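See below for the structure under consideration.
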Amino acid sequence: MLNLQNAIQLSLYMNNDSISDSRTLLIHNAKSKLLTIAFADALDKRVMQAALLLKQEQYANPVLIGNRQDIVNFANNHSIDISSIEIRDPEELITQEYVDALMCAIPSLNSAKETRLLLVNPLYFAGIEAKLGHIHGCIAGNISTTGEVLRAGIKSVGLAEGIQTVSSFFAMIFPDKILFYADCAVVPSPSVEQLCDIAAITAENFKKINNMDPRVAFLSFSTKGSSTHEDAKKVRDAFELFTLKHPTILADGELQFDAAFIPEIAGLKAPVSPLEGKANVLIFPDLDAGNIAYKITQRMGGARAIGPIVQGLSRPYFDLSRGCSTEDIIDVALICAAL
């Protein structure tokens, strides 16, 4: 059985009223929809525990993807009762509809036999389930590598309309606010066009998840031309491209962090900035800056970091850290339900 102490701790965590209003909104949203969310790396105690709590609290309808007997044996060996959780075994469920959908998604597949062999992989089967609308989204990465998850996601569900860049964001949750950081995990050195894409999809997801208007800051070591360095110019050009493509989204750049986030500093460094030092979506110039910033915010600033949340795909298809906790998996499932 699921360890009782762990179950109590998780239940308290999931119902903790002192967590931020943003997380409360995520919980209410998930309960109102009760969406089907698949876990493609199912042979994992953390995933099974998360699935049981998601089911118990009616936050989602969790589904474990993989060989049925392997999943049952794993659960039994770890004394976890998953009798209430649906298992979908690709070898039992692959039909011509699935084969046709994957061959359409991956034109290089040469035969139905080759396609069926790929569909046995839970990562691809879950992706096609999402593409066909049989599930809302897929979560993996607790066992599989990021490369494996991203390849399967891109090949099976494909890119979102109008987006050419797969990226990620972290939801940084404080007791009184939520910030989105992007990109912190996928694109090492984004181009001007990629930064624009990253900002657009992150702003869209911020509004979906939080029911608040995004205020997008393109961050740099420079504020409004204080440096002529080409790195600062890249950020400036990305902001200008963004304003042309998305004129209705409040944004500014290039800005140093304090000019984007602290009203008093904004008044000194960027007095005409429409953000007025109240940015909630922070776009970093490269992966170095984004990854370092989220870890400092988490470890020194005390924020809860949910992510990385993969974005830019046509359906929710998320990559967990292999070091994730059961609580992390639950949080990502709540985000999945909101998108």
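For the range 297-311, taking the residues that are modelled with pLDDT of 90 or more, assigned to a strand (DSSP E or B) and of a type in the set (A, V, I, L, M, F, W, C), the one that is surrounded by the fewest Cβ atoms within 10 Å (Cβ to Cβ) is identified as V310.
Can you tell me which residues in the range 246-264 are charged (D, E, K, R), farther than 15 Å from A289 by Cβ and crowded, with 20+ Cβ neighbours inside 10 Å? The answer is D252, and nothing else. Exactly one residue among E97, E129 is surrounded by fewer than 20 Cβ atoms within 10 Å (Cβ to Cβ) and either free of Cβ contacts under 8 Å to residues at least 40 places away in the same chain or part of a helix (DSSP H, G or I) (or both), and that residue is E97.
Total residues in the range 132-152 satisfying the condition of being touching a residue at least 40 places away in the same chain (Cβ under 8 Å), in a loop (DSSP other than H, G, I, E, B) and small (G, A, S): the figure is 2. Among residues of the range 276-296 being among the small types (G, A, S) and either assigned to a helix (DSSP H, G or I) or not assigned by TED's automatic domain parsing to the domain that holds K233 (or both), the one that is farthest from K234 (Cα to Cα) is A293. Among the residues of the range 290-316, those that are in contact with a Ser or Thr (Cβ under 8 Å, 6 or more places away or on another chain) and under 17 Å from I37 (Cα atoms) comprise G307, I309, V310, Q311.
Please count how many residues of the range 193-245 are among the basic types (K, R) and surrounded by 15 or more Cβ atoms within 10 Å (Cβ to Cβ). Walk me through how you get there before you give the answer.
First, the residues of the range 193-245 that are among the basic types (K, R): 207-208, 215, 224, 233-234, 236, 245.
Subsequent filtering for residues that are surrounded by 15 or more Cβ atoms within 10 Å (Cβ to Cβ) retains 215, 224, 233-234, 236.
Total satisfying the criteria: 5.
Of the numbered criteria (1) over 25 Å from T24 (Cα atoms); (2) free of Cβ contacts under 8 Å to residues at least 40 places away in the same chain, the one I80 fails is (2).
The values are calculated or read from the model by the stated rules, or taken from the named source; none is laboratory data. Note that this is a predicted model, so its numbers are computed, not measured. Note: ideal-geometry Cβ built from the backbone for every residue, glycine included; neighbour counts use all protein chains shown.
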